[in-house]
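In what follows, a structure is listed as structure tokens, so that the remarks can point back to it.
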Amino acid sequence: MIRACAVILLALSCCGVAVALAPDEILVVANEDAAESMQIARYYCQRRGVPEENILPLPLGARLNDMISREDYDKKLVGPIRRQFVTHKLFGKIKCLLTIYGVPFTVGRRGPLKGMESELEELQQHGQTDLAKLKVKIDRISGGETNASVDSELSMFLVGPYELYRWQPNLLKAGTPDLGFQTLMVSRLDGPGADIAKGLVDKAIRAEETGLDGVAYVDSRGLTGRSQYAHYDLCLRSLATLTAKQTKLPVVQEPTAELFKPGACPRTALYCGWYSVGRYVDAFDFVDGAVGYHIASVEAAGLRDSDSTRWCPAMLRDGITATLGPVSEPYLHSFPEPQAFFAELYEGRCLVEAYYRTKPFNSWQLLLIGDPLYRPFAKH
């Protein structure tokens, strides 16, 4: 399915790319039907110096829904945001969207491509010897693997026509020689409770004021070889080496197939590891400002479930300040490589910049949770 955006690309081509994100370059998207969503939006603007007129309240329903349909996404989210950009001439002025607790975080799949029903029926009936290629063809036509995180899809709304199937390259990724100015950065204040979502701002600011202090914990598996799994395991080990060189934080590694045991990680400032799908291990005592993520499937699903054992909601419940994860199966290569993501933070970049300079794809499954302006290693 090709979706066109009613924007003037000539206006975009005149826009520069900001060196560093500023508060007035953030558009805050909140659910006007949920009082807590609006409260958090206003609180964020007060704490971070974002102009209150940069809040865009949208009628998304008093009930906090995790998912929004494709039709409602286009009508209730993208449509009003696009009108805001046109009406207030925000092209080149807004670089980042901040979605607030109360805004859905998953967008459903599209329907089948029109005019290809007969081809789809033929594929389903006759099949091929290569089942993997057959699945790709069927999914592309029928709408399989076209669900995504709302935030990842919103990154693309300034882009011209693009195919809605699996992922699109993230043009803000460092080293990508393309029109990155058409891509918006997106972060989210959310979690298993409004107080947790609001607290992400306070913890980030406290860490900036006092300095992030604690221990860095890295959980690799000791994999070797040329597989993609071995590559990401090497990235984790490289993260441990990099952190010891570029920060003053002590580094503790778990280099085996085991995970850190419950209670084994006091004063956690940084964490990265894998691979326990949907089974969070309460090993961490997160300090204010802690940043970390667990590389595994669907760990941001059920983000607002206070009883969830998935890593994103569980780490937020336990006090982490910033994390990321997928709302559905993302495939391993869609994660930011750990040493690359944290290296951006160590260079003094803010959270959302570090994320978009290292994440491979948009229009896909991952989302970032935390204050986009948070700079845990700000260089003064």
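The values are calculated or read from the model by the stated rules, or taken from the named source; none is laboratory data. For clarity, every value in this text was computed on a predicted model and none was experimentally measured. Keep in mind that these areas ignore ligands, DNA and RNA; they rest on the heavy atoms of the full protein, side chains included. Shrake-Rupley method; radii C 1.70, N 1.55, O 1.52, S 1.80 Å.
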inquiry  = Between 94, 40, 138, where does the largest GNM mean-square fluctuation fall for the chain, given springs only between Cα atoms within less than 10 Å?
reply    = 138
query = Using heavy-atom solvent-accessible surface (probe 1.4 Å) with all chains present, what is the largest-first order of 76, 203?
reply = 76, 203
ask   = Which order do 82, 279 take when ranked by solvent-accessible area (1.4 Å probe, heavy atoms of all protein chains), largest first?
value = 279, 82
